[in-house]
Structures are given as structure tokens and as C-alpha cells.
Amino acid sequence: MKNRSYNIKAMLIATLLSVLMVVLVFYGSRELQNFDAALVTYLFGTVFAFFGIVYRYTVWLQRPPTWIYFKRGVGFLFTGKIFSHFCFAVKESVENIAFQKFIYPRGKYRWLAHFMIAVGCTSAFLITIPLTFGWVHFTMAPNSISVYEAHFFGFKVMDFDLDSIMAFLTFHALNWSSYMVIFGAGYYLRRRLTNPGLIATQTFESDLLPLILLIAISVTGLGLTYSYEFMKGLAFDFLAVLHAVTVILFLIWIPFGKFFHIIQRPAQIAAHIYHKVGKQQGMAVCEHTGEEFTTNLHIKDLKKLTKKLGFDFDREDGTSHLDLSPEGKRSRLAQAHLRARQDGGNLFG
Amino acid sequence: MKYSGFNPNEEFFVDMQRCIGCKACEMACAECETNGQEPMIHVNYVDRASTVQTTVQVCMHCEDPVCANVCPADAISKDEFGIVHTANTERCIGCSNCVMACPFGVPKKEENYDLMMKCTMCYDRTSVGKKPMCATVCPSGALFYGTKDEIQEMRPNSTPVNTFIFGKETVNTKVNIMMPKGSSELVIF
């Protein structure tokens, strides 16, 4: 990384994976037979976003503190009681990634709104990305005018009657996603416009723009359905272009902005595994308070990490300032201050 | 975020020997809008078995914040006024690296939220030219927010210091600690 504005390792990995993705698009769509040419702009947006995400993720992993959690997390997962570690990781992923349970104590409406955005976005990605790649396509069943078949990678996976509830739910799946995102993002937009703490610290590009983009994508997307269902196709072309513009803006914004947290979140599971395994290996006891405050592993790693980052909190006797708990550090600071005041001859002054 | 109301001439001055442990600052801190009703200031007994001495600790807003350096999620940032902000809620993974690495013992891990939170020098207030909540309520002058001239007039026998020595490490901060007149640093060990 020395004086280079780009990271060669990240560039290589991102390029390789992006090429692999294009190859998968080619073969997954059965050599472009099932590829929908109308979606080609979305494909370019997705490939760019993918490249950017992998690039930033790789750069991010190379940061010393991130690398510790990645290395330790993956290492622990594959050593010792592998099955039990995997069960723990799955449980943690369901609770924290799928249900984002840590948001609930911060506010039940905040959790609900976030959950709605998460479900809406995830379902929309699961539908649109395979469609864009030509991995999923629909055909009429042979010798029938009322049965529809869904294919994945060119293999048939399911069929349903055109006037069934299943068909209604499937054809409008993106609309359900849109409603959820609009309600969720609307709640957060209101919060960001009224909460004084957030108003003081937020920025337009990292906090408001993502919400506006989410709402714009959902509203223009819904507009397409409303246009052909209720307005005889009024302004459909315009809406289609507008929708594509908002979605592509969103896609190319993922690697740079707020949406990158979706990609970063699994690191939380690594942190949980790290602390669980660390606890089993033993707790660190604060030399000032005499109480346990974190794991030995954590302190050991932090000592190495801070040194690597150019900080040296070692004492002359070989111990470290980091051997103190936060309360111990505050107390030692106060004691040093008291000594200085006493030496100065006046406690206050 | 680009508030023009932040007064760069006003600074924070802490004198923990003046702390009487009343915890008025804790109550006031919980009113800070950036914390969401959780007090972030620390008041604790220094060594309860042998003394009634208490100490008070706000975030020192280091020039090169260790907390931000050890954060694996890039969740902590320092702004153009030198304020080190609390963890970005969508990024923080609750690993506690910052909590354990901060030499002043400032960041708090809210276990419930799986989130680190810390003092932002009441950014909602200081960014519009007001004083931090804790400094407005401290009855004993342990916490003071104002100009260098004001503190010099109030404490003619003290010097504000913002250099701290932790063994081989020197930490410079935005927040000052009041020391005997003529001091240039506080040596912790």
C-alpha cells in the first residue's frame, strides 16, 4: 500500500472474481440464450458494483485490526469442535444477520423498519440479480396456455397456473419488496429529519441519500406496475428509464457508501466467535480493580495490534497499560494527576 | 454536518481533583441527544478501599485516536474540529477493541445494542455554539468549557495540559487537564 493510490492485491482479486462472474452469467444463461437484453444496463451496474465491493472488501480485510478478526474467526471455525462452532455461527447469523436482533433494544420501531428494509432489499436482490444474469427465466409449459414454468440455470424448478395465487404472489414479488422498503426507509427518513442527535452528526451523502435512493427505486418500480395495471401503460417508458437510473445509481453506490455495511456485518459474527473462544481460554484480570474485564486473548492481540499501528503502551517492567480495565485506566490517570497536584504543593489551584 | 456554530476558541478543561462524585454530569450527559439517553461520562471511585477520591472522565478527543486506529470496522472518525465521533451505528460490530485500547478508558460497550458508544463532546450542542451538558452542570469546577482566557482568570495557579505520557507513548489530546502552574505534561507512568 506504500504511496500507491490503488491496492494491487485487491485489484487482482476483484478483477478475477468479476471475470468469473461474467463467465457464470454466460454459462448460467445457457450461452446467453436466456439472457434478457433489455436488462443489459442492470448487468453493467451489477458487475461494476461487484467489482467495487470485492475491491473495497479486500482492502478493508488488509487493515491489521480487521485481519485479526478475519483470521481468528475463520481459524476458530475450523479448529477443535468444528460442528459446535458451525452451529454457533449459524445461530449467530440467523439472529444477527437475518433478524438483526441487536437493533431491537435500540428501539422496536427502529428494528421493525430496519427489518423491513432488509427483507425488502434482500428479496429484491434474490429476484433481480438472477433475472439480470439470465439465470432465472420463465416459459409457458409445453402444450399449455395456462401453466408457467420457472427455470434456474436452464433447469426447470417449478410451475404454476397463471391465474393462481402463486402466480399473483410471484409476479408481484418485487412490489411486496418495494412496499416494505418504502415503509422502512420512510420511518428512517422521518427519524433523520427530526432527531436532533442525528441532525447534528449526519451528512447528506452518507445518511440521507441512501434512504432517498431506496425510496426512489421502490416508488419508480411500483410505478411500472401501476402504469400498466391501472393507467393503460401511461409513461411506462419514462418510468422504466427512471427506475433503471435509480437502481444503477444505487448499485454503483454500494461499494462507497452506507450500503457497504451489509457486506461488513458478518464481521460481527467473527467478533462473537472470537469472544466466545477467548472466554474459554481465560479472562484477563485488571491489576487495579482486581476484576475480570475481557479475555486474555483480546488483550494479547491488542498489545500486538497497537504496536503494529505505532502505539507503545508498555511499561518498563514489561507489563502494559493495556493490562488495566477501562476503570483501572481512569483511576490510574486520576492517581497520577493527584500525585502531580501534591508535588505542585496545592491540590486545587 | 457543516455547522458554522462550532466555536474553535472554546475548549474543555478537566480537573479531576475537584470531582466530588455527585454525578450531576452523568444525569446531564444522558440528556445529550447524540447518546440517545445513555450517559457516556464516567465517574468512579479511584480506590474505594483506601480513599473517597472520585474521578471524572470525558473523551479526550486524541489527535491520533487509538480507538479509531484499532477499530476493525472503520466505525470511528475524527472531524475537522478534532471531535472523535462515537461509533457509526451501521458499521460498529461491537468487538470492544476501542474500549480496551483507549488509554483513558473512555468508550463504553453497550452490550444490549452490541454497539460501542462514547462521549462526542455533546456534538449536538457544541456544533451550534453551546457548551457540553456535563460542563454546564458541574458544581465544583471539575469540568469547564470555555476559552483559555476564561480558565486562566479562574485558575491563575494552574496550567492546562494536553500531553499525556504513558511509558513510551505520548498522547496529545483536544481536551485539557488542569495541572500545577508551569506543567507541560502529565506522566501516568
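Would it be correct to say that B:Ala49 is among the hydrophobic types (A, V, I, L, M, F, W, C), without any contact (Cβ under 8 Å) to a residue 12 or more places away in the chain and more than 13 Å from B:Cys134 (Cβ to Cβ)?
When the stated conditions are applied, B:Ala49 passes them.
So A:Gln202 passes all but one of these: (1) out of contact with any helix residue (DSSP H, G or I) (no Cβ under 7 Å at 6 or more places or on another chain); (2) without any contact (Cβ under 8 Å) to a residue 60 or more places away in the chain; (3) of a type in the set (S, T, N, Q). Which condition number does it fail?
(1)
Filter region B:100-121 down to the residues that are open to solvent by 10 Å² or more (accessible area, probe 1.4 Å) and under 18 Å from the mean Cα position of the chain (by Cα), then identify the one that is farthest from the other protein chains (Cβ to nearest Cβ).
B:Cys119
Within region B:21-43, which residues are touching a strand residue (DSSP E or B) at 6+ places or on another chain (Cβ under 9 Å), surrounded by fewer than 19 Cβ atoms within 10 Å (Cβ to Cβ) and either over 30 Å from A:Arg191 (Cα atoms) or more than 11 Å from every other protein chain (Cβ to nearest Cβ) (or both)?
B:Gly21, B:Cys22, B:Lys23, B:Glu26
Taking B:Pro132 as meeting all but one of (1) at the interface with another protein chain (Cβ under 8 Å from one of its Cβ atoms); (2) within 29 Å of A:Pro105 (Cβ to Cβ); (3) not hydrophobic (A, V, I, L, M, F, W, C), write down the number of the exception.
(1)
For region A:279-326, which residues satisfy the criterion of being without any contact (Cβ under 8 Å) to a residue 12 or more places away in the chain, part of a helix (DSSP H, G or I) and surrounded by fewer than 18 Cβ atoms within 10 Å (Cβ to Cβ)?
A:Gln280, A:Lys300, A:Lys304, A:Lys307
Could you list, in sequence order, the residues of region B:62-112 that are within 16 Å of A:His261 (Cα to Cα) and either free of Cβ contacts under 8 Å to residues at least 12 places away in the same chain or not aliphatic (A, V, I, L, M) (or both)?
The answer is B:Cys71, B:Pro72, B:Asp74, B:Ser77, B:Asn88, B:Thr89, B:Glu90, B:Arg91, B:Cys92, B:Gly94, B:Cys95.
Determine which member of the set A:Ser5, A:Ser29 is modelled with pLDDT of 90 or more and among the small types (Gly, Ala, Ser).
A:Ser29
From the set of residues in region B:161-184 that are more than 12 Å from every other protein chain (Cβ to nearest Cβ) and over 26 Å from B:Glu33 (Cβ atoms), which is surrounded by the most Cβ atoms within 10 Å (Cβ to Cβ)?
B:Asn162
Going through B:Cys67, B:Cys71, B:Cys92, B:Cys134 one at a time, which residue ends up being modelled with pLDDT of 95 or more, crowded, with 24+ Cβ neighbours inside 10 Å and farther than 19 Å from A:Ala271 by Cα?
On inspection, the qualifying residue turns out to be B:Cys134.
Of all residues in region A:234-268, how many are part of a loop (DSSP other than H, G, I, E, B) and either in contact with a strand residue (DSSP E or B) (Cβ under 8 Å, 6 or more places away or on another chain) or closer than 24 Å to A:Phe168 by Cα (or both)?
Residues flagged as part of a loop (DSSP other than H, G, I, E, B) and either in contact with a strand residue (DSSP E or B) (Cβ under 8 Å, 6 or more places away or on another chain) or closer than 24 Å to A:Phe168 by Cα (or both) within region A:234-268 amount to 2.
Would you say B:Val187 is within 11 Å of chain A (Cβ to nearest Cβ) and surrounded by fewer than 23 Cβ atoms within 10 Å (Cβ to Cβ)?
Against the criterion (within 11 Å of chain A (Cβ to nearest Cβ) and surrounded by fewer than 23 Cβ atoms within 10 Å (Cβ to Cβ)), B:Val187 qualifies.
Of the conditions (1) open to solvent by 10 Å² or more (accessible area, probe 1.4 Å); (2) within 7 Å of chain B (Cβ to nearest Cβ); (3) farther than 17 Å from B:Cys67 by Cβ, A:Ser331 fails just one. Which one is it?
Going through (1) open to solvent by 10 Å² or more (accessible area, probe 1.4 Å); (2) within 7 Å of chain B (Cβ to nearest Cβ); (3) farther than 17 Å from B:Cys67 by Cβ one by one, A:Ser331 breaks only (1).
Out of A:Lys276, A:Lys258, I need the residue that is farther than 21 Å from A:Ala38 by Cβ, modelled with pLDDT under 95, surrounded by fewer than 18 Cβ atoms within 10 Å (Cβ to Cβ) and among the basic types (Lys, Arg). Which one?
A:Lys276
I'd like to check which helices (runs of 4 or more DSSP H) are fully inside region A:136-233 and have at least 3 residues that are surrounded by 17 or more Cβ atoms within 10 Å (Cβ to Cβ).
Here the list reads A:173-194, A:196-201, A:209-230.
Just the residues that are at the interface with another protein chain (Cβ under 8 Å from one of its Cβ atoms) and among the polar types (S, T, N, Q), please, taken from region B:55-85.
Hits for region B:55-85 are B:Thr55, B:Gln57, B:Asn69.
If the Cβ limit is 8 Å and pairs must be 6+ apart or interchain, which residue in region A:121-148 that is farther than 21 Å from A:Val22 by Cα pairs with which residue that is part of a loop (DSSP other than H, G, I, E, B)?
A:Ser146/A:Leu162; A:Ser146/A:Asp163; A:Val147/A:Ala141; A:Val147/A:Leu162; A:Tyr148/A:Ala141; A:Tyr148/A:Leu162
Please specify each residue of region A:77-128 satisfying the condition of being hydroxyl-bearing (Ser, Thr, Tyr) and farther than 30 Å from A:Asn175 by Cβ.
Scanning region A:77-128 gives A:Thr79, A:Ser84.
Could you tell me whether A:Ile103 is more than 26 Å from the chain's Cα centre (by Cα), over 18 Å from A:Thr225 (Cβ atoms) and among the β-branched types (Val, Ile, Thr)?
For A:Ile103, the condition - more than 26 Å from the chain's Cα centre (by Cα), over 18 Å from A:Thr225 (Cβ atoms) and among the β-branched types (Val, Ile, Thr) - is not met.
I'd like the residue in region A:338-349 that is in contact with a helix residue (DSSP H, G or I) (Cβ under 7 Å, 6 or more places away or on another chain) and under 18 Å from B:Ile151 (Cα atoms) and, out of all such residues, is surrounded by the most Cβ atoms within 10 Å (Cβ to Cβ).
Of everything passing the filter in region A:338-349, A:Arg341 is surrounded by the most Cβ atoms within 10 Å (Cβ to Cβ).
The values are calculated or read from the model by the stated rules, or taken from the named source; none is laboratory data. All of these numbers come straight from a predicted model, not from anything done at the bench. Here the Cβ is made from the backbone with ideal geometry for all residues, glycine too, and neighbour counts use every protein chain on show. Ligands, DNA and RNA are excluded from the accessible area calculation, which covers all protein heavy atoms including side chains. Shrake-Rupley method; radii C 1.70, N 1.55, O 1.52, S 1.80 Å.
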